[in-house]
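Taking it in order: structure first as structure tokens, then the write-up.
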Amino acid sequence: MSDRNVLSVPVTRNALHGGALREVAFAPSAAIPASATGVITIDLAQLRANWRALAMHVAPAGCAAVVKADAYGLGAARIVPALYQAGCRNFFVATFDEAAAALKYAPGATVYILDGVMPGAARDIAALGARPVLTSLGEVDAWAALAAEDEAAPPAALHVDTGLHRLGMAEDELEALVADDALMARLDFAVVMSHLACADEASHAMNRQQLDTFKRLRAKLPRARASLAASDGLMLGRSFHFDLVRPGYALYGGQANADLKTPVSPVVQVSARILQVQDVPAGGAIGYSATYRAATPRRIATVAAGYADGVFRHASAANGETGGAVIVRGQKAPVVGRVSMDLITVDITDIDGPPPVRGDYVDLVGPRLPLEAVGAGARTIGYEVLTRLGHRFHRHYVDNSD
Ligand SMILES: *Cc1c(COP(=O)(O)O)cnc(C)c1O
């Protein structure tokens with residue numbers, strides 16, 4: 001592939017976070033209404049570049065895309081077609097409804113349902129044309145029951161447990177399954193998969209243990225494509241790639257592996273506007289329950305973003321703790337006082353430059369505040385930040401591919 005989108009991924013093609021950092025947090029665009037109080041900007045060209053970069057990284061293994069939870073909160077209606085356009089043909093979702101959406105936005109794609117077959121739902125999944133990821137003999141039986149005389153049921157995947165003990169068939173059940181010739185004749189396993197517990201830590205002993213177990217278990221279904229790695233696991237080396245990798249978070253610009261930089265760039269920027277700036281005297285309380293008191297005179301900006309927009313209540317630091325922050329004029333301003341439904345209060349006393357005013361945008365996620373940092377500021381992870389972004393902010397999809 002000589003596509004320049006792929007070759008220049010980390011350096012020049014990122015409309016949001018690449019190149020020179022913007023000093024003003026968010027450059028308003030004609031596409032954003034003046035009345036907007038917050039904007040989530042999603043760069044579809046960078047999303048496609050990320051998928052291609054991961055696909056190149058793992059080739060000749062295939063690269064699927066995990067688009068569960070409405071494409072990690074970014075909107076399956078826009079994300080799925082963009083990934084299909086990039087060349088992705090295999091999608092993983094959690095639920096039936098998500099599969100229906102994925103197939104609507106990418107007709108002809110192969111869509112796997114990680115939650116498998118709920119009792120009584122096999123026929124609906126088959127009618128939809130999706131493939132369940134089966135985890136138990138009960139589910140396997142229900143799926144095999146769809147088989148017509150002398151024919152297999154539609155293709156499915158099998159999830160085997162290699163040590164995560166979350167979803168997946170145990171080894172003894174798998175042995176019983178493959179020993180049952182009559183049952184196996186009615187099944188067509190396209191994919192055999194498992195999931196890693198500690199792939200974000202490259203040196204964790206469980207990675208090697210699960211790899212060895214997976215090699216042993218997948219050998220029992222030699223015709224199925226094998227899939228083990230998600231975003232973090234695909235950075236652990238070729239031996240983890242097998243036939244198909246299943247990244248989600250990395251597609252959206254997340255750095256899932258704490259030790260190894262994934263070859264992707266951010267796709268999402270979240271900005272919200274200042275509603276009011278006020279000077280709080282020494283001793284003044286800020287926010288509900290007066291959890292924060294100004295020790296010295298402070299300048300506080302109230303920003304139109306709250307927990308309804310995905311700001312975590314844990315992002316607010318009481319006195320003496322460090323919590324979350326936002327970026328104001330390229331500088332970090334701490335969240336002080338309780339996060340409320342619609343509002344946060346940030347301390348802008350030490351921000352250099354012209355004083356911030358009502359209407360200015362500040363970044364909640366952006367070039368100087370990656371998802372992982374936002375997660376750390378709220379004692380959670382970037383994944384949760386991404387999937388909890390609210391639906392009140394204006395969603396602005398950009399595509400600078402031309
Ligand atoms: C969510 C999920 C993935 C994708 O994980 P990321 O870390 O977002 O890449 C892959 N496989 C399974 C089984 C999952 O549940």
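The values are calculated or read from the model by the stated rules, or taken from the named source; none is laboratory data. Because the structure is a prediction, the values reported are computed rather than measured. Here Cβ is always computed from backbone atoms with ideal geometry, including for glycine, and neighbour counts include all displayed protein chains. The protein model used for the area step is the full one, side chains on, heavy atoms only, and it has no ligands, DNA or RNA in it. Shrake-Rupley method; radii C 1.70, N 1.55, O 1.52, S 1.80 Å.
Data table
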| quantity | calculated |
| --- | --- |
| Nitroxide proxy distance, nm - points 7 Å out along Cα→Cβ at Ala205 and Thr291 | 3.9 nm |
| On Cα atoms only, tilt of 96-105 relative to the major axis of the chain in degrees | 80 degrees |
| The chain: angle of helix 205-218 to the longest principal axis, Cα-based, in degrees nearest 10 | 30 degrees |
| Separation between Cα centres of the range 191-242 and the range 349-370, rounded to whole Å | 42 Å |
| With 10 Å bins from 0: P(r) over the range 60-252, alpha-carbon pairs, percent | 10, 37, 37, 15, 1 |
| Cα pair distances of the chain binned at 20 Å [whole percent] | 26, 49, 22, 3, 0 |
| Computed Rg/Rh of the range 268-398, alpha carbon atoms with Kirkwood Rh | 0.94 |
| Pairs of lysine residues in the chain - Cα separation under 27 Å, sequence separation of 8 or more or cross-chain | 5 |
| ³J(HN,Hα) computed for each position of the range 167-182 - Karplus, 6.51 cos²θ - 1.76 cosθ + 1.60, integer Hz, glycine/proline x | 10, x, 7, 6, 4, 5, 5, 4, 5, 4, 5, 6, 7, 8, 4, 5 |
| With all protein chains modelled, accessible area of Lys68 [1.4 Å, Å²] | 70 Å² |
| The range 45-125: Rg to Rh, with Rh as the Kirkwood radius over Cα pairs | 0.99 |
| Interchain or long-range residues, amide H under 5 Å from Gly62's placed H | Leu244, Val245 |
| Principal axis dimensions, the range 188-318 - Cα atoms, whole angstrom, descending | 70, 27, 26 |
| Pair Met118, Thr322: separation of 7 Å Cα→Cβ label points (nm) | 4.4 nm |
| Helix 76-86 vs. the chain, principal-axis angle (Cα, 0 to 90°, nearest 10) | 70 degrees |
| Per-residue HN-Hα couplings for the range 239-247 [Karplus 6.51, -1.76, 1.60; θ = phi - 60°; Hz; x = Gly/Pro] | 5, 8, 7, 6, 9, 8, 9, 10, x |
| Listed peptides 292-302, 181-191 by packing density, highest first (mean Cβ within 10 Å) | 292-302, 181-191 |
| If the convex hull is drawn through the Cα atoms of the range 88-152, its volume per residue in Å³ | 85 Å³ |
| GNM flexibility winner over the chain from Val365, Val160, Val277 (Cα, springs under 10 Å) | Val277 |
| Efficiency of FRET between Glu175 and Ala197 - r from beta-carbon atoms, R0 35 angstrom, step 0.05 | 0.95 |
| Convex hull of the range 324-364 built on C-alpha atoms - directionally averaged projected area, nm² | 3.0 nm² |
| 222 nm mean residue ellipticity, helices alone, for the chain (DSSP H n ≥ 4; -39,500 (n - 2.57); rounded to 500) | -7000 deg cm²/dmol |
| Amide H contacts under 5 Å for Leu187, placed H, 5+ residues apart | Ala153 |
| Average accessible surface area per residue within the chain, 1.4 Å rolling probe, Å² | 43 Å² |
| Counted charge near Tyr397, where neighbours are those whose Cβ lies closer than 13 Å (Asp, Glu -1; Lys, Arg +1) | +1 |
